[in-house]
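A.B. asks: Please find one structure pasted underneath; my questions will follow.
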Amino acid sequence: MAGSAASSGQVSADPAVQADAPASFAFESVVIYPVPPEHQNGNGFLWWGIPNIWSTSDVPLLNPIADAYGLGTRQIFGFPEWVGTDRYAMAIKMSEDKLETFKQLSIGEQMKQRQLMMQAVLAARCQLTAHRETRELPVYELVVAKAGLKIADRDIQQGQEGASFFMPGEWRNYGTIQSLAGNLAEPAGRIVIDKTGLGTRTFSYSLKWTPDSKVGTPSGGRTIFTALEEQLGLELVPATETVDVLVIDHIEKPSLGFPGPPTDQVLASDRAH
């Protein structure tokens, strides 16, 4: 689990951000509810790309926080224990008319706007405030393996839909290698820094491995390290780096919300459980 806000770190020039910038779009409705212990199975997922609905199921709030700020889960610090243990489901919807405008953005701008919209949801539903810092931490550097890259560029046209699906041991995604590096922090056990030099090139890939809990069991298989090299042609190399992190200043358990008023009204008024 991530450390506390008391750890030493150099505060960035913008130390008191609640959100990185105002979002140009807003979700129409936001549903958040806790997953009861009897329904938790450790196989939660994040799903982005259903035509106008984004959803999570059976995941700690830590995951959507990291996703909203474009960081890995091990780059989030200062949060209470429940943020990494209590599990929630979310269904977040954008109106169809706004979706049509949203789809005209480049894929990179779509990702940026989705992150800003999620930051607004977290600020309203969880009273989240946070600031960015830089810290020197043990990391893995993601590099192209000696055998070479095994995935090809995907030419995603402006407005073309795509989907991202994340379950323990199976990812199907489109995006940059930098975004892959951020997602690798949790299964790899360290922050992962993209050192591939592939820049903003966009890839579509599928990655399957055996989560740590099953490695060494009769049903166990390849680790995340082996899977990266065999399936994607990428390698994780241990290192120490100065990296960006997000420090949670304040967060509350999310207020619940159900479809109804537009998100700009929900974010202003829906606070009650």
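A.B. asks: Please find, among 9, 3, 44, the residue that is at pLDDT below 80, more than 18 Å from residue 169 (Cα to Cα), small (Gly, Ala, Ser) and buried (at least 17 other Cβ atoms within 10 Å of the Cβ).
C.D. replies: On inspection, the qualifying residue turns out to be 9.
A.B. asks: Suppose we filter 119, 110, 127 for residues that are of a type outside the set (A, V, I, L, M), at positive phi and surrounded by 15 or more Cβ atoms within 10 Å (Cβ to Cβ); which single one remains?
C.D. replies: Only one candidate qualifies: 127.
A.B. asks: Separate question: Could you check residue 220 against (1) farther than 29 Å from residue 94 by Cβ; (2) surrounded by fewer than 18 Cβ atoms within 10 Å (Cβ to Cβ); (3) at pLDDT 60 or above and say which number it fails?
C.D. replies: (3)
Each row is one residue, and each column tells you yes or no for (1) crowded, with 20+ Cβ neighbours inside 10 Å; (2) within 30 Å of residue 105 (Cα to Cα); (3) modelled with pLDDT of 95 or more; (4) not polar (S, T, N, Q).
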residue	(1), (2), (3), (4)
140	yes, no, yes, yes
147	no, no, no, yes
188	yes, no, no, yes
213	no, no, no, no
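A.B. asks: Turning to a different aspect of this structure: So, in the range 172-182, how many residues would count as being modelled with pLDDT under 85 and either of a type in the set (A, V, I, L, M, F, W, C) or farther than 19 Å from residue 109 by Cα (or both)?
C.D. replies: 1
A.B. asks: On to the next question. When the residues of the range 63-104 are narrowed to those that are polar (S, T, N, Q) and within 17 Å of the chain's Cα centre (by Cα), which ends up surrounded by the most Cβ atoms within 10 Å (Cβ to Cβ)?
C.D. replies: For the range 63-104, the residue satisfying everything is 75.
A.B. asks: Check every one of the strands (runs of 3 or more DSSP E) wholly within the range 169-209 and list those with 2 or more residues that are within 13 Å of the chain's Cα centre (by Cα).
C.D. replies: Correct list: 170-176.
The values are calculated or read from the model by the stated rules, or taken from the named source; none is laboratory data. What you are looking at is a predicted structure, and each value in this text was computed from that prediction instead of being measured. For neighbour counting, all protein chains shown are included, and Cβ atoms are generated from backbone atoms with ideal geometry for every residue, glycine included.
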